[in-house]
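This report concerns only the one structure given below.
The values are calculated or read from the model by the stated rules, or taken from the named source; none is laboratory data. Keep in mind that what you see is a predicted model, and the values were worked out from it rather than measured. Neighbour counts are summed over all protein chains in view; Cβ atoms, including those assigned to glycine, are modelled from backbone coordinates with ideal geometry.
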Amino acid sequence: MRQPFVFAHAYKQAGIKPLALVWLLVWLLPACTPADNTKPAVYDGPLRVMEQVDRIETERDLLKSRLKAAKIIEYVNGDYEFPEGIYLEFYDEFGKLSSTLSANTAYFFKTENKWRGRGKVEVKNLEKDQQLNTEELFWKPDTKKIFTDKFVTLRDGGDILYGTGLDALQDLSNYQLRNISGDLEYQE
């Protein structure tokens, strides 16, 4: 009658000592463990960099807006950065230049649909002879409103107004200054 195959008997016949078998198993076991399952890092840096940009937007063959920037950085999440400044022109429904906006640096936040200008920010309403200067200004294109909590200077015709905080329509046709002071022109 045949003897059942016994593992201990097999390694003895092969000349393998029990201690060598244990060492071999300890050495091979780490190779059988699953690979490191850490997730790869998500890249959130610049997607592309554009230089010397001059973008024109039209509607029904009429100029609506124009954007000029020396450098634009687009990020993976849809945000934009304008590290070397921005200049915007806005045109009325007849294609006539009505207002401008410039800033030393600017940002567009896609999730909030909000722009932020920083540094020397200047908004001009050419039709009404108005000019706004501040160090930081936010613009919401969907509501067509601009706002800031920073110090502002607003020249409205011959009047010069100062305030800390402003809420206005983007073309300055309707505005509200907070903490106001200034020099008003008086006519008899």
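Quick one: which residue in Thr134, Thr153 is surrounded by 17 or more Cβ atoms within 10 Å (Cβ to Cβ) and closer than 17 Å to Leu172 by Cβ?
Unique residue meeting the criteria: Thr134.
Looking only at strands (runs of 3 or more DSSP E) that lie completely in region 95-135, which have at least 3 residues being closer than 21 Å to Arg155 by Cβ?
97-103, 114-125
Only residues in region 95-106 that are within 23 Å of Glu136 (Cβ to Cβ) count as the first member; pair them with residues that are of a type in the set (Val, Ile, Thr) and part of a loop (DSSP other than H, G, I, E, B), Cβ under 8 angstrom, at least 6 apart or cross-chain, and list the lot.
Listed pairs, sorted by first residue: none to list.
For region 32-46, give me each residue that is modelled with pLDDT under 85 and either in contact with a Gly (Cβ under 7 Å, 6 or more places away or on another chain) or not in a loop (DSSP other than H, G, I, E, B) (or both).
Cys32
In region 59-91, which residue that is acidic (Asp, Glu) and in a strand (DSSP E or B) is nearest to Tyr107 (Cα to Cα)?
Filtering region 59-91 for residues that are acidic (Asp, Glu) and in a strand (DSSP E or B), the one nearest to Tyr107 (Cα to Cα) comes out as Glu81.
Residue by residue, here is whether (1) out of contact with any Pro (no Cβ under 7 Å at 6 or more places or on another chain); (2) farther than 16 Å from Leu88 by Cβ; (3) modelled with pLDDT of 90 or more holds:
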{"position": "Gly119", "(1), (2), (3)": "yes, no, yes"}
{"position": "Glu122", "(1), (2), (3)": "yes, no, yes"}
{"position": "Phe151", "(1), (2), (3)": "yes, yes, yes"}
{"position": "Asp159", "(1), (2), (3)": "yes, yes, no"}
{"position": "Gly165", "(1), (2), (3)": "yes, yes, yes"}
{"position": "Leu172", "(1), (2), (3)": "yes, no, no"}
{"position": "Glu185", "(1), (2), (3)": "yes, yes, no"}
